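In what follows, a structure is listed as structure tokens, so that the remarks can point back to it.
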Amino acid sequence: MLSLQQDELGSSAAADRLRSVRLAAYGVYAAALVGIVIHWGIPTGRASLASIIVSGLAITSIGRGWRQTRQVLVDWLPFTAVLMLYDQTRGVADSLGIRVHEADILAAEKWTFGGAEPSVWLQQHLYSPTHVRWYDALCTLVYTSFFIATPVLAAVLWLRDRVAWIGFISRVIVLSVAGLITYCLFPEAPPWLAARDGLSAPVARLSARGWEWFHLGNVNTALAAAQHEGVNAVAAMPSLHTAFSTLVALTIAGRLRSRLRWLLALYPLAMGFTLVYTGEHWVLDLVGGVGYALAAHAGMSRWEARRRALTEERAGNRAEHRAEGRLENRPENGPRSGAGNDASDVRLVFGAPAVDERRAPANLR
């Protein structure tokens, strides 16, 4: 008895030490993230974001064995590689020689809004070249959340529900591929580029400007540089910022039971306003982004439902075949005596799981 108590105390002490180690690792991790943001800005590259996410998830596996750590790498590295490949192939759209849509999308936008250009109208009423307003800062935070919300949600789902994580990243990949195909077939200039080409009134690109309100000019510079390096400038339709924010809202709403979950719709709405005001997208791009997200979500949901139904059907068929096999092997004539000898039949009649003949006791065979 004394030995058992000592073992329990030793296990408790070891668990406390591991918990302390994990907490210390989380503290170092959080401090490193703050330092990265202050000195280099919000990470936006796939590789850097993947490193941050995988490092954070690896901390959760401290004390749980190498199998947990290996699972992090097995799950996340292929997913990250697919998205990095997407980033590298975005330049394909520029090399196909397809005409860039500028004047026609501008005409469609003006026709939709009775001759007004939403980006121009918003900047004429809200933008000040000499003063950064509080709403400029808010718009920058919303815009920057695009780079953070999707991987963070994926990490949370991975920790809580791996099946839900697989469903989410499958939708992310489908959206990314669908966007890439559209960019190749329908390259479209955003409002700021159309204005630079002289097709409309001036439109400033304001998405990174709000960092100045927080006195983080270096973050502003880093994000502005990231927008010009390795980015397809004519990848406006659909707006993947809107598509992914819609997907994030749909995914979270699907896991909540609160009546207030409709408030999650405010996130893609805020993203849409930000993108139009900052000159990054036309309103028609937002409509396209929402449509792509809904289509990807609905299509994957139907595919998942069909897979579940097929799996259940196969499981039912296997159970039925096992039951039929037992009935065929049962003696057709003669009295049935002894409850122990008919245990498998009783289980079949009352719907209990059939006994595995290979593992059944001798009196049930």
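Can you tell me how many residues within the range 155-171 are within 15 Å of ALA253 (Cβ to Cβ), open to solvent by 10 Å² or more (accessible area, probe 1.4 Å) and aliphatic (A, V, I, L, M)?
2
Go through the range 183-198 and count every residue that is of a type outside the set (A, V, I, L, M), out of contact with any Leu (no Cβ under 7 Å at 6 or more places or on another chain), in a helix (DSSP H, G or I) and at pLDDT below 90.
Looking only at that region, the number is 1.
Assess whether SER176 counts as being among the polar types (S, T, N, Q) and either under 20 Å from LEU122 (Cβ atoms) or open to solvent by 20 Å² or more (accessible area, probe 1.4 Å) (or both).
Numbers: among the polar types (S, T, N, Q): yes; either under 20 Å from LEU122 (Cβ atoms) or open to solvent by 20 Å² or more (accessible area, probe 1.4 Å) (or both): no.
Criteria not met by SER176.
Working only within the range 63-84, note down all residues that are open to solvent by 50 Å² or more (accessible area, probe 1.4 Å) and at pLDDT 70 or above.
Of everything in the range 63-84, those that are open to solvent by 50 Å² or more (accessible area, probe 1.4 Å) and at pLDDT 70 or above turn out to be ARG67, ARG70, GLN71, LEU73, VAL74, LEU77, PRO78, ALA81, VAL82, MET84.
Residues of the range 259-307 being more than 20 Å from GLN124 (Cα to Cα) and among the polar types (S, T, N, Q), which ones?
SER301
Name the residue, out of ALA295, ALA270, that is modelled with pLDDT of 95 or more, of a type in the set (Gly, Ala, Ser), buried (at least 16 other Cβ atoms within 10 Å of the Cβ) and part of a helix (DSSP H, G or I).
Every option except ALA270 fails the conditions.
So which residues in the range 144-154 are more than 9 Å from the chain's Cα centre (by Cα) and open to solvent by less than 20 Å² (accessible area, probe 1.4 Å)?
Matches in the range 144-154: THR144 only.
Is it the case that the range 101-108 has a residue that's open to solvent by 40 Å² or more (accessible area, probe 1.4 Å), at pLDDT below 90 and not basic (Lys, Arg)?
no
Considering only the range 23-41, state which residues are part of a helix (DSSP H, G or I), at pLDDT below 70 and open to solvent by less than 60 Å² (accessible area, probe 1.4 Å).
Selection gives ILE36, VAL37.
Being within 19 Å of LEU256 (Cα to Cα), without any contact (Cβ under 8 Å) to a residue 40 or more places away in the chain and not hydrophobic (A, V, I, L, M, F, W, C) is the filter here; which residues of the range 114-161 pass it?
ARG160, ASP161
Please enumerate the residues belonging to the range 251-267 that are surrounded by 16 or more Cβ atoms within 10 Å (Cβ to Cβ) and within 29 Å of PRO118 (Cα to Cα).
Residues satisfying the conditions are LEU264, TYR267.
The values are calculated or read from the model by the stated rules, or taken from the named source; none is laboratory data. Note that the structure is a prediction, hence the values are computed from the model and not measured. Cβ atoms come from the backbone with ideal geometry, glycine included; neighbour counts cover every protein chain shown. The accessibility values were calculated without ligands, DNA or RNA, using every heavy atom of the protein model including side chains. Shrake-Rupley method; radii C 1.70, N 1.55, O 1.52, S 1.80 Å.
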